[in-house]
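The values are calculated or read from the model by the stated rules, or taken from the named source; none is laboratory data. Computed from a prediction, not measured in an experiment: that's the story for all the values here. Heads up, the Cβs are rebuilt from the backbone with ideal geometry, glycines too, and the neighbour counts pull from every protein chain shown.
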Amino acid sequence: MYCPKCGTQNEDNAFKCVQCNTVLRSAIATSSTQNIVFFMAIGSLILGILSIVTCFRVFASIPAIILGFNVKKKNKLNPAPLESAIATLGIIFGIIGSLATLFNILVFWSFRRYFL
């Protein structure tokens, strides 16, 4: 891990920089951030599944995609393959839900004279 202030390389689990004594990370903040990222990934997956299964596709697919991309962005700082995989599934399911919504709209528009 490199120090953001002076650029010195430190051990991966170091709390302070050996050169300038800058706090590199707090153990509590890192673990709570990892928990938040994990629950965001799970939320993305659940919303993605709901966007496929339920009739609330638009209201579930867009947040699933947004949450999934937020998890992927936060994972660049502290890589975690499980969260990244779960977020990818949430994004994929969200896109499928969005496409299903678009398909439903197109079908309804094509057959609107029968429904109205």
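Table for the structure above
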| item | result |
| --- | --- |
| ILE92 at pLDDT 90 or above and surrounded by fewer than 22 Cβ atoms within 10 Å (Cβ to Cβ) | yes |
| Pick from the range 67-89, criterion over 20 Å from SER51 (Cα atoms) and not charged (D, E, K, R), ranking: modelled with the highest pLDDT | LEU82 |
| Some residue of the range 102-113 being at pLDDT 90 or above and among the polar types (S, T, N, Q) | no |
| Qualifying positions in the range 69-86 - surrounded by fewer than 16 Cβ atoms within 10 Å (Cβ to Cβ) and of a type in the set (A, V, I, L, M) | LEU77, LEU82, ALA85 |
| Filter result (surrounded by 11 or more Cβ atoms within 10 Å (Cβ to Cβ), out of contact with any helix residue (DSSP H, G or I) (no Cβ under 7 Å at 6 or more places or on another chain) and either part of a loop (DSSP other than H, G, I, E, B) or modelled with pLDDT of 80 or more (or both)) within the range 24-46 | LEU24, ARG25, SER26, ILE36, PHE39, ILE46 |
| Any chance LEU77 is touching a helix residue (DSSP H, G or I) at 6+ places or on another chain (Cβ under 9 Å) and outside any helix (DSSP H, G or I) | yes |
| Any hit, the range 54-68, residues being surrounded by 12 or more Cβ atoms within 10 Å (Cβ to Cβ), of a type in the set (D, E, K, R) and farther than 30 Å from TYR2 by Cα | yes |
| Residue check for LEU50: surrounded by 14 or more Cβ atoms within 10 Å (Cβ to Cβ), under 13 Å from PHE93 (Cβ atoms) and within 9 Å of the chain's Cα centre (by Cα) | no |
